[in-house]
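The values are calculated or read from the model by the stated rules, or taken from the named source; none is laboratory data. A quick note: this is a predicted structure, and the numbers were derived from the prediction, not measured. Note that each Cβ is placed from the backbone with ideal geometry, even for glycine, and that neighbours are counted across all protein chains shown.
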Amino acid sequence: MAAPTAGPAAGERLRFQDFAFQRLASGRCRAKVVLAAADGRQFSGEAEGVISQAGELRCCADATVRALERVVHPKLGFELLGVKAVRAFDATVVIVSLSARQEARASRLVGAYLTEDDPPRGAALAVLNATNRILGNFFATR
């Protein structure tokens, strides 16, 4: 695993490489997300939560935020404000809201992912959709 400050080079994009989600017998859940840079470096994030629809979605979104922060820390930080699955247009849409902090400036990000059969994975991908633009700008200015 790469050091937290060794993120992708300018113009490079992160790929969603691996996702694991478990419901544990203890009534909790665990998620692990692995992001990969084009040069093969991997950045992983893990989180735990409670087994419920909202708890599972938050757990997976948190794991993705933690993986992203391994890439951009300390220059950029993210905070998960909320995550929700809604039924719209005969499909399930997972929506996330995040706060992005860069130096003294904070901005609000929203991302969504359309899923039918795996809302926890959809929560992880919604975080990436929310952060794509700001990460692209971040890597381009480094």
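Tell me which strands (runs of 3 or more DSSP E) are completely within the range 26-119 and hold 2 or more residues being surrounded by fewer than 13 Cβ atoms within 10 Å (Cβ to Cβ) and among the aliphatic types (A, V, I, L, M), or say none if there are none.
On the way: elements: 28-36, 42-50, 76-88, 91-102, 105-115.
By residue number, 76-88.
Among the numbered criteria (1) among the small types (G, A, S); (2) under 14 Å from the mean Cα position of the chain (by Cα); (3) farther than 23 Å from R105 by Cβ; (4) at pLDDT below 95, which one does G40 miss?
(2)
Kindly establish whether R66 is at pLDDT 95 or above and more than 22 Å from V110 (Cα to Cα).
Values: at pLDDT 95 or above: yes; more than 22 Å from V110 (Cα to Cα): no.
So R66 does not fit the description; no.
Taking A140 and the conditions (1) in contact with a Ser or Thr (Cβ under 9 Å, 6 or more places away or on another chain); (2) of a type in the set (A, V, I, L, M); (3) closer than 23 Å to R15 by Cβ; (4) modelled with pLDDT under 95, which numbered condition does it fall short on, given that it satisfies the others?
Unmet condition: (1).
For the range 94-142, which residues satisfy the criterion of being hydrophobic (A, V, I, L, M, F, W, C), farther than 18 Å from L68 by Cα and either touching a Lys or Arg at 6+ places or on another chain (Cβ under 8 Å) or in contact (Cβ under 8 Å) with a residue 24 or more places away in the chain (or both)?
Going residue by residue through the range 94-142, those that are hydrophobic (A, V, I, L, M, F, W, C) are 94-96, 98, 100, 104, 106, 109-110, 112, 114, 123-128, 130, 134-135, 138-140.
From the residues that got through so far, the ones that are farther than 18 Å from L68 by Cα too are 94, 104, 114.
Result: V94, single match.
Counting only residues that are within 13 Å of A100 (Cβ to Cβ) and touching a Gly at 6+ places or on another chain (Cβ under 6 Å), how many does the range 128-142 have?
Residues in the range 128-142 being within 13 Å of A100 (Cβ to Cβ) and touching a Gly at 6+ places or on another chain (Cβ under 6 Å): 1 in total.
Which condition breaks for N129 when tested against (1) outside any strand (DSSP E or B); (2) modelled with pLDDT under 95; (3) surrounded by fewer than 20 Cβ atoms within 10 Å (Cβ to Cβ)?
It fails just one condition, (2).
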